[in-house]
Amino acid sequence: MADLEGVKIAKNYHTDEPFANNKGFYIKGANHLDWGMKKHLSNIFNPVSGNTVMFAFDHGYFMGSTAGLERLDLLIPTLIPYIDVLMGTRGALRACVPPENKKGIALRVTSGSSMVQDDLSHEVLAVDIKDAIRMNADCMAVQTFIGADGQLSSLDNLSRCINAGIEYSVPTMGVVAVGKQMERTDRFFKLATRILGELGVNIIKTYYCENFEEIVAASPVPIVVAGGKKLPEPEALKLAYDSISHGANGVDMGRNIFQSNHATIMAQAIGKIVHEKYTDKEAYEFYQDMVNEEEK
Ligand code: 5RP
């Protein structure tokens, strides 16, 4: 193992050069995967735009019921037409999501933390590959805490999920969680996303930050950006636009959709940015026009 003496800070990301090893399949880092993996990934990333809008409602696995998610059974069917992927727990999906829906499934497979704890970094791999297959999951989402007390166990969870996913052709999505010892800077997110890419995930979910294009350039697989806490709609749309325009292949938004006063319209506005090259300002104009129409 290389020692930490004389570590030189990376700086040549060639951000203007597209990913080189992409012959034969449109999803980054997937061209040598088997048909099943590619099929699942194509259920996530739109073959035309190459991008995805994931709607995240898995917050309950550690937050319990949170504002906007009180009634998943009422909320989720209203949003399904406007998103590409449903990101939820197996409990929520089985109980509240019509199985006949045709959208991609990002299945939250880790658990073990709750919002009443101080350290959220100790989780387990709670859903096994057989249940992910039963759920027809298009990817398994694993929380990974870099720079936290639970780093080793969360990377062990991730590796075991990747091993099973390779065996049964189910992609793994590494979810970057900000450990207490790390800060929300590009230095941390470069470390975390590259570790996940090196360990063999097929998708990385992380947060937007400065120099994001360098994080994308150094990642061997597609990156989707988590929305984070609720923002005013123009700011949330700018986050989506900045993420896509700096190389993300999608967003994974929860609170900025389900805590919006017009959740279905917000989901559509995000989709305009992710799939139709709208700017954030154009998307917000769309949002306002749709809200005015709805309120007539
Ligand atoms: C919650 C999650 C969510 O999937 C992720 O954070 C996206 O949701 P939001 O946009 O509300 O942050 O990992 O545990």
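Hey, among Gly88, Gly68, which residue is within 13 Å of the ligand (Cβ to nearest atom), surrounded by fewer than 22 Cβ atoms within 10 Å (Cβ to Cβ) and not hydrophobic (A, V, I, L, M, F, W, C)?
From the options Gly88, Gly68, the qualifying one is Gly68.
Failed condition for Ser121, given (1) more than 27 Å from Gly247 (Cα to Cα); (2) among the hydroxyl-bearing types (Ser, Thr, Tyr); (3) within 14 Å of the ligand (Cβ to nearest atom); (4) out of contact with any helix residue (DSSP H, G or I) (no Cβ under 7 Å at 6 or more places or on another chain), with all others met?
Result: Ser121 fails condition (4) only.
Taking Leu79 as the residue in question, decide whether it is more than 26 Å from Pro171 (Cα to Cα), touching a residue at least 12 places away in the same chain (Cβ under 8 Å) and either in contact with a strand residue (DSSP E or B) (Cβ under 6 Å, 6 or more places away or on another chain) or not β-branched (Val, Ile, Thr) (or both).
no
Name the residues in region 53-65 that are more than 13 Å from the ligand (Cβ to nearest atom) and either at pLDDT 95 or above or surrounded by 22 or more Cβ atoms within 10 Å (Cβ to Cβ) (or both), would you?
None; the set is empty.
Tell me whether region 174-187 contains one or more residues that are within 23 Å of Asn31 (Cβ to Cβ), modelled with pLDDT of 95 or more and in a loop (DSSP other than H, G, I, E, B).
No; the residues of region 174-187 include none that is within 23 Å of Asn31 (Cβ to Cβ), modelled with pLDDT of 95 or more and in a loop (DSSP other than H, G, I, E, B).
With respect to Tyr13, determine if the residue is of a type outside the set (Gly, Ala, Ser), assigned to a loop (DSSP other than H, G, I, E, B) and at pLDDT below 95.
yes
Could you say whether any residue in region 158-167 is of a type in the set (Ser, Thr, Tyr) and away from the ligand (no atom under 14 Å from the Cβ)?
yes
Wholly within region 203-296, which strands (runs of 3 or more DSSP E) include no fewer than the required count, namely at least 3 residues that are hydrophobic (A, V, I, L, M, F, W, C) and within 16 Å of the ligand (Cβ to nearest atom)?
By residue number, 223-226.
The values are calculated or read from the model by the stated rules, or taken from the named source; none is laboratory data. It should be emphasised that the depicted structure is a prediction, and the values quoted were computed from it without experimental measurement. Neighbour counts run over all protein chains shown; Cβ positions are idealised from the backbone, glycine included.
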